[in-house]
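Here the structure comes first, spelled out in structure tokens, and everything after it is commentary.
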Amino acid sequence: MPPEIPAAILIVEDEEATRRFLRTALTRAGYTVLQAGGGLEAMSVMLSFPGDIRLVVLDIIMPGVNGLDFANQLAIDRPQTKILYISGYTESVAVDSISRRIPHAVLPKPFTGYQLVERVREILAE
């Protein structure tokens with residue numbers, strides 16, 4: 001019998017240093033972490049990963065397929081997957097709209113590894 005594939009968290013962030021920070025914080029907290037540098041790559045990762053992706057840590061503002069476009073596709077393909085939106089553009093209309101509807105699902109940059117892990121735990125516990 002093949003080993004069970006653990007549930008994972010997918011990081012979708014176009015800035016490599018931020019992606020590395022996110023991966024390190026979540027890996028140290030014991031999570032299985034996948035990563036993508038943008039929306040198109042994230043779609044490919046999701047299609048090829050055989051396990052469950054429980055949460056996507058998603059940058060809203062990215063070149064190409066932005067975070068909102070990816071989130072819309074995710075709602076169709078994997079509606080059970082939760083999203084934690086991250087953004088340094090807290091004054092944007094998109095961030096404001098999401099914050100009003102689901103305030104705990106937005107984590108404004110900059111944040112600490114501790115804040116990230118706590119917010120991830122909160123969302124996964126829902």
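FYI, it's all coordinate maths here, none of it is from the lab. All values derive from a computational prediction rather than experimental measurement. All Cβ positions, even for glycine, are placed from backbone atoms using ideal geometry, and neighbour counts span all protein chains on display.
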Give me the base-10 log of I(q)/I(0) for the range 30-75 at each q in 0.16, 0.20, 0.21, 0.27 Å⁻¹, Debye formula, one uniform scatterer per Cα, rounded to two decimals. -0.40, -0.62, -0.68, -1.09
So what is log10(I(q)/I(0)) for the range 8-125 at q = 0.13, 0.17, 0.20, 0.21 1/Å, when the Debye sum runs over its Cα atoms only? -0.43, -0.77, -1.12, -1.26
Given unit charges at Cβ for Lys, Arg (+) and Asp, Glu (-), the dipole magnitude of the range 8-125 about its Cα centre in debye, nearest 20, is 400 debye
Quote to one decimal, in nm, the extra length available between residue 124 and residue 80 on full extension: 0.36 nm per residue of separation minus the C-alpha distance between them. 14.7 nm
Go through the range 112-120 residue by residue and turn each phi into a ³J(HN,Hα) via Karplus (6.51, -1.76, 1.60, θ = phi - 60°); whole Hz please, and just put x for glycine and proline. 8, x, 4, 4, 4, 4, 4, 5, 4
If amide H atoms are built 1.01 Å from N in the plane of the peptide, which residues on other chains or at least 5 residues away come under 5 Å of the amide H of residue 35? 11
